[in-house]
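A short worksheet on the structure shown next.
The values are calculated or read from the model by the stated rules, or taken from the named source; none is laboratory data. Just so you know, these numbers come straight off a predicted model, no measurement behind them. Heads up, the Cβs are rebuilt from the backbone with ideal geometry, glycines too, and the neighbour counts pull from every protein chain shown. Just the protein is used for accessible areas: all its heavy atoms, side chains included, with ligands, DNA and RNA removed. Shrake-Rupley method; radii C 1.70, N 1.55, O 1.52, S 1.80 Å.
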Amino acid sequence: MTESAKDLQKKIDSYYWYHSFDFGNGLIAKGVKSFAYLKADTDILFDGLDIRGKSLLDIGAWHGHFSFAAKARGAGRVVAADKFAWERHQGRETFDLARTLLKQDVEPLVIDVPDISRATGQFDIVLFLDVFYHLFDPQTCLMNLSQCATDLLVVRTHHDHDAICTSTPVMVFYPDGYGDDPSNRWGPNPSLMYGLLRTAGFKRIYYQDHPVAGRTRGTYHAFRSDAALDRLVAAKPASWIDLSDPTVWQTHVRPQYAASSTAGQAGIRELAILSQSRSKLFKAFFASLRNKRKSVR
Ligand SMILES: C[S@@+](CC[C@H](N)C(=O)[O-])C[C@H]1O[C@@H](n2cnc3c(N)ncnc32)[C@H](O)[C@@H]1O
């Protein structure tokens, strides 16, 4: 590595990175999301799609990994939109640095998600990845920003552990945040996301569990119409679950009560303790009655 490359690597290392990058010539950004994790994330996003020449808006792009990945797959105009992270952690500098080093023609757009609407522009594809649950009013934002997607909206979101235990469409509010991040406000479940995406006007909606996180993180490919599906899908991946098929709610996306919910399991334990203590109480009550009768006799 030359002296100037060493200086550049030092500069890269001085930043906080959420996405990992291999910039070539030995220059690496080690992000929170490892290369393997990002590859899995990217494959379930783009596998099966032919995005060559398509326009794409990446909402909440941060360092821009998915915008650059779209370009590398031959996308046409690509716009990376963000605000929150670009105003923190030197987020905008890292996006600009990645764009320069990767030599990718991706347009930056500074915009707050609640301000995104049809007037922002029309794109064949809109990516809305891991942003939904950060917003105070994600439903209204989803309705408005979905107007930018002429053919496909891809949403990836965290799902709440308890919410995935029911097929009722629900979303859990975290007033103090989730995990160690106060900006994680909501935890929906697949039925809720399906209902919202249908309400936003999408006709064909496919679902995938996350390859690493499982049901607690879901990806939704929402197509406007059968024609949009035909325009974009070269070969439908076997992992896509068609949510319009009523049988999948009893099989592939059935509630995961005992399997994945620690809170649910705790709930079951509490109920068991309660019923045990109730039966103990009843036993004690009847025993005391018997004793009373004995003493009266
Ligand atoms: C968890 S990161 C996801 C980054 C990227 N989409 C991914 O999947 O790796 C959430 C992103 O949403 C952005 N974001 C959250 N709230 C926002 C808002 N109100 N306006 C614009 N961007 C926002 C953050 O800045 C951050 O880049």
| remark: Given unit charges at Cβ for Lys, Arg (+) and Asp, Glu (-), the dipole magnitude of the range 70-223 about its Cα centre in debye, nearest 20, is 600
| remark: Toy charge model, Lys and Arg Cβ at +1, Asp and Glu Cβ at -1: the range 161-241 dipole around Cα centroid in debye, rounded to 20, equals 460
| field | Sparse-neighbour loop sites [trypsin sites (Lys or Arg not before Pro); the range 58-128; at most 12 other C-beta within 10 Å; DSSP] | value | Arg88, Lys103
| said: In Å², and per residue, what accessible area does the range 1-158 have when probed at 1.4 Å with the other protein chains present? | reply: 43
| message | With angles folded into 0 to 90 degrees, how steeply does helix 35-46 sit against the dominant principal axis of the chain? Use alpha carbons for both and round to 10. | response | 90
| query | Roughly how many percent of the accessible protein surface of the chain is carbon and sulfur, given a 1.4 Å probe and a whole-percent answer? | reply | 55
| message | Per 0.36 nm of contour for each residue apart, how much would the distance between Ala213 and Phe173 grow if the chain were fully extended, relative to their Cα-Cα spacing? | response | 12.4 nm
| note | Counting sequence-distant residues (5 or more places) and residues on other chains, those with an amide H built under 5 Å from that of Lys83 are Ile111
| query | Based on the Cβ-Cβ distance of Ala235 and Ala5, what FRET efficiency does E = 1/(1 + (r/R0)^6) give at R0 = 41 Å, to the nearest 0.05? | reply | 0.50
| message | If I model the chain as equal point scatterers sitting on the Cα atoms and use the Debye formula, what is log10 I(q)/I(0) at q = 0.09, 0.12, 0.15 Å⁻¹? | response | -0.51, -0.81, -1.20
| Ranked highest first by average number of other Cβ atoms within 10 Å, how do 38-45, 27-34, 120-127 line up? | 120-127, 38-45, 27-34
| task | Sort 15-23, 217-225 for me by packing, meaning the mean count of neighbouring Cβ atoms within 10 Å per residue, highest on top. | result | 217-225, 15-23
